[in-house]
2 protein chains.
Amino acid sequence: MNKDSLINRNMSEDKLRIDKIKKGTVIDHITGGYALTILNLTGLDESPNLMTIGINVSSNKFQKKDIIKIEGVFLNETQMQQISILSPNNSISLIENYKVIEKKKVKIPKVIKKLVLCANKTCISNSDEPIDSEFSVLEEKPLKIQCVYCNRMYKLDEITFSSKGKTEKRVKQRIIL
Amino acid sequence: MNKDSLINRNMSEDKLRIDKIKKGTVIDHITGGYALTILNLTGLDESPNLMTIGINVSSNKFQKKDIIKIEGVFLNETQMQQISILSPNNSISLIENYKVIEKKKVKIPKVIKKLVLCANKTCISNSDEPIDSEFSVLEEKPLKIQCVYCNRMYKLDEITFSSKGKTEKRVKQRIIL
């Protein structure tokens, strides 16, 4: 086995990676290039815990994939929904004592509430009224969602995520784009 | 050797990690928790190349550290300056054919131009005049810089980074905080 295939072997064999985590979560088969967005959106980037992240890892199943391994952290419902919107093929494994105690395919919900913002400025979900955003999922792969208030439709790359529920980002993340 | 020490061994032995990269860059001894900010600020998060990232890895030298390993990418001068501002203790290794061909301690520059914005709205560097921001580095650890125009001083956690020179972020990064 040459060194190239050693790299690929090490990066793509999930059992190997899962073996190394004592207690926590492995998010695998993330659409290539989406891991950092997932960490930012879910707030996992603020965790003080040990994390290992592989980005653009060779994968037979979905071409390139990302993988996130977090020690001592289990995801809440909001985080799982956010991940399912960004990356529909991911699988989430919960680890205890080096063993997978639960493996789940996170399904995208039929209705997405609060997590996504409608880009239509005149939409009532953007008014001063106490109305949360709400989208129907029309198609899952590729994603197509529709605002239930103004009927505007969005594909994944047109979506603006909200993270109102999140604590304020630390100052070191303050980057003007 | 128990499994805990296996994890630490795997995560902290740089030679092991560097061994696995054929050609590219290893940024090691990043201040714990700063790897994702570095990827965002330098634009490395847009790379289609294989990356491995360790966050909050146990390290004797500086308590917790981060490490970034990127296949097939070498850093430019701007990226190295950005990294030196965020993480003064990092070391950067350039890899060719699985071997370290160059190892450098990136020093923070004495004067920081363009990369950082002055938060003083009435500062001339924020006016319509064609004047780039410029800061003198007063102290390196912990960082303390001073705007050469309005003399306002900033610590690391008070700094706002500019990334005007960068190409626009992809839509999937569009997250409202």
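Of note:
- The string of couplings for segment B:42-54 from the Karplus curve (6.51, -1.76, 1.60, θ = phi - 60°) is 7, x, 5, 5, 8, 5, x, 8, 5, 10, 10, 10, x Hz, one whole number per residue in order, with x for Gly and Pro.
- The other copies place their residue B:49 label points at 3.1 nm from this one, listed shortest first, where each point is 7 Å from Cα along Cα→Cβ.
- Here is how far apart the residue B:157 label points are across copies: 3.9 nm, shortest first, using a point 7 Å from Cα toward Cβ.
- Taking B:154, B:149 and ordering them by how much accessible surface each has at a 1.4 Å probe, largest first, produces B:149, B:154.
- Relative contact order of segment A:27-153, pairs being alpha-carbon contacts under 8 Å that are 6 or more residues apart, as %: 20 percent
- In the assembly of identical copies, residue A:98 has its label point, taken 7 Å from Cα in the direction of the beta carbon, separated from the corresponding points by 2.7 nm (ascending, one decimal).
- In Å², nearest 10: area of residue B:157 left accessible to a 1.4 Å probe: 90 Å²
- Chains B and A, summed buried accessible surface - 1.4 Å probe, Å², nearest 100: 4100 Å²
- Among residues of chain A, the one whose beta-carbon sits closest to the A-to-B rotation axis is listed with its distance in Å as A:53, 2.
- Per-residue SASA entry for residue B:150, accessible area with 1.4 Å probe, Å² rounded to 10: 40 Å²
- Amide hydrogen proximity for residue B:148: with H placed 1.01 Å from N in the peptide plane, the residues at 5 or more positions away or on another chain lying under 5 Å are B:134, B:135, B:136.
- Debye log10 I(q)/I(0) at q = 0.15 Å⁻¹ for segment A:68-127, Cα point scatterers: -0.57
- Annotation for residue A:49 and residue B:103: the two label points, set 7 Å from Cα along the Cα-Cβ direction, are 3.3 nm apart.
- Accessible area of residue A:74 in the full protein assembly, 1.4 Å probe (Å², nearest 10): 80 Å²
- One chain, two ends: residue A:121 and residue A:148. Fully extended at 0.36 nm per residue, the span grows by 8.3 nm beyond their Cα-Cα distance.
- Note on segment A:17-108: the C-alpha convex hull projects to 5.2 nm² when averaged across all orientations.
- When each of A:104/A:141; A:65/B:99; A:105/B:64 is checked by Cα-Cα distance, pairs over 23 Å: A:65/B:99; A:105/B:64
- Per-residue ³J(HN,Hα) for segment B:86-97, Karplus 6.51 cos²θ - 1.76 cosθ + 1.60, θ = phi - 60°, Hz, x for Gly and Pro: 6, 8, x, 9, 5, 10, 10, 10, 9, 10, 9, 6
The values are calculated or read from the model by the stated rules, or taken from the named source; none is laboratory data. Owing to the predicted nature of the structure, the values given are computational and were not obtained by experimental measurement. Here the Cβ is made from the backbone with ideal geometry for all residues, glycine too, and neighbour counts use every protein chain on show. The area values use the complete protein model at the heavy-atom level, side chains included, leaving out ligands, DNA and RNA. Shrake-Rupley method; radii C 1.70, N 1.55, O 1.52, S 1.80 Å.
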